[in-house]
Amino acid sequence: MSEKITIVQVGGNIESALKGEYQINVKAILTESWQQTLKSRLAINLGLLFSLILGILVSLLVSNYLGGIESVLADPEASMLLNVVVTIAVWPFIAGVEMMGVLNAVGLKTAPKMTFGFLKRASWVVLCALLTSILISLGFQLFILPGIFLAVTLSLTIPLVIEKKMTPMKAIVLSIQTLRFKFLSLLVLYFILLLSLLVLILPLALLLESSFAPLGIMIFLFGCSFLAPLFYNVKGIVYREIFGVSLATNGGVDNTSSATTDNSVQDNTDSDDTFSA
């Protein structure tokens, strides 16, 4: 006898989000994301480490092909080409890291292999990453404030492309339409994370030219091993609160929190708008 599949909506929903009917409690989000980070930072860190190494390797290969890193830095067109190639290579895996934050936010276990769990949406992810990058860059070139506005309001486009199966343009439009309602609260949230990064950089900058440089590097890396997962867990919780996540479970609501990501990764493309757990 087959088990009954139950669809569980965790968090908000698109209809309410379009009306601005959601709350962003900065303190509560930071507290919950910190608790999640203490429990689940290894998977995100390993995913980011793989993405970083891949990005460095691709950058070195492309730079050598274009005449060396100095030539690339001196040529705006070559620099743009390098950025595009690195984006194409790295963002399909960064998307997996972003989804770890989303799944952490709804109580699902995550694993490093989730970095490779959403490659079926890679083309849409890359296109979305390129479009949002272009829009944010244009915003900063026109004036700083439009760039800041776009950086905040476009911060959830990748999960929309993956979890909601949206096209990049639809995800971009929806993200701006919905996040604008709580722009100031989201700005404060992201500013706190940025400030935390600056605090981590300070010891590194002070010790870099001294004999204590290794200590500064160790402090920075250790701090980043918490701050980086915290950032993605914050984004996951914000996504849950605004758009919500639809989960397909075998045993109803009670089993949702104990579901494993093995099933969610394997079956996330089987349904138009739900994760199977």
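The values are calculated or read from the model by the stated rules, or taken from the named source; none is laboratory data. From a predicted model like this one, the values you see are computed outputs, not experimental measurements. Note: ideal-geometry Cβ built from the backbone for every residue, glycine included; neighbour counts use all protein chains shown. These accessible areas exclude ligands, DNA and RNA; they are computed on the full protein's heavy atoms, side chains included. Shrake-Rupley method; radii C 1.70, N 1.55, O 1.52, S 1.80 Å.
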* **Residue ID - surrounded by the most Cβ atoms within 10 Å (Cβ to Cβ), chosen from residues in region 61-78 that are part of a helix (DSSP H, G or I), touching a helix residue (DSSP H, G or I) at 6+ places or on another chain (Cβ under 8 Å) and without any contact (Cβ under 8 Å) to a residue 12 or more places away in the chain** => Val72
* Failed condition for Ile56, given (1) more than 14 Å from the chain's Cα centre (by Cα); (2) assigned to a helix (DSSP H, G or I); (3) closer than 22 Å to Tyr239 by Cα, with all others met? -> (3)
* Which one of these does Leu18 not meet: (1) out of contact with any Gly (no Cβ under 8 Å at 6 or more places or on another chain); (2) open to solvent by less than 70 Å² (accessible area, probe 1.4 Å); (3) of a type outside the set (Gly, Ala, Ser)? -> (2)
* Residues in region 79-102: is at least one open to solvent by 30 Å² or more (accessible area, probe 1.4 Å), outside any helix (DSSP H, G or I) and more than 24 Å from Val173 (Cβ to Cβ)? -> no
* Residue in region 31-52 that is open to solvent by less than 90 Å² (accessible area, probe 1.4 Å), in contact with a Phe, Trp or Tyr (Cβ under 9 Å, 6 or more places away or on another chain), of a type in the set (Val, Ile, Thr) and within 24 Å of Ser225 (Cα to Cα) present -> yes
* Taking the stated definitions as given, is Lys27 at pLDDT 90 or above, among the basic types (Lys, Arg) and either within 22 Å of Lys235 (Cα to Cα) or surrounded by fewer than 18 Cβ atoms within 10 Å (Cβ to Cβ) (or both)? -> yes
* Residue in region 108-124 that is basic (Lys, Arg) and out of contact with any helix residue (DSSP H, G or I) (no Cβ under 6 Å at 6 or more places or on another chain) present -> yes
